[in-house]
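The values are calculated or read from the model by the stated rules, or taken from the named source; none is laboratory data. It should be emphasised that the depicted structure is a prediction, and the values quoted were computed from it without experimental measurement. Neighbour counts run over all protein chains shown; Cβ positions are idealised from the backbone, glycine included. Side chains included, ligands, DNA and RNA excluded: accessible areas come from the protein's heavy atoms. Shrake-Rupley method; radii C 1.70, N 1.55, O 1.52, S 1.80 Å.
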Amino acid sequence: MNLGRRLDALERIADGGCVIDAAVAEGLVARASALARIEELTEREREVLALVAEGRSNRAIAGRLVVTQKTVETHSGQIFLKLGLRAVEREDRRVAAVLAYLRAARPG
């Protein structure tokens, strides 16, 4: 951090304010964003996502929830849509969805 930024930070603290590291602020914003997107999911969609996070296949999820695989695929599609995860070559939307789920669930 350069001297000018340090002085600015010290002045803000002296005036009763606070200074937050940019990386910390970015992390908080990312977590809040992930949490907001996860909260848009229905209870059933969150349940499916939790089972995906456990590493279960669509078939295993269907058996666990006593629904068809097509129903699980429909829920997965809605999860991807609500989380803004488009089908892109070389990217796994299931992994991206699980990462969003984990970011939202992370404490603090």
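The figures follow:
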{"quantity": "Residue check for R59: surrounded by 15 or more Cβ atoms within 10 Å (Cβ to Cβ) and in a helix (DSSP H, G or I)", "calculated": "no"}
{"quantity": "Residues that are hydrophobic (A, V, I, L, M, F, W, C) and surrounded by 12 or more Cβ atoms within 10 Å (Cβ to Cβ), drawn from segment 65-80", "calculated": "L65, V67, V72, I79, F80"}
{"quantity": "Number of the exception - V67 against (1) in a helix (DSSP H, G or I); (2) over 16 Å from the mean Cα position of the chain (by Cα)", "calculated": "(1)"}
{"quantity": "Members of segment 81-93 that are open to solvent by less than 70 Å² (accessible area, probe 1.4 Å) and within 15 Å of the chain's Cα centre (by Cα)", "calculated": "K82, L83, G84, L85"}
{"quantity": "Single condition E45 does not satisfy, out of (1) at pLDDT 90 or above; (2) among the acidic types (D, E); (3) open to solvent by 50 Å² or more (accessible area, probe 1.4 Å); (4) within 22 Å of A104 (Cα to Cα)", "calculated": "(3)"}
{"quantity": "Members of segment 72-103 that are part of a loop (DSSP other than H, G, I, E, B) and within 15 Å of E43 (Cα to Cα)", "calculated": "L83"}
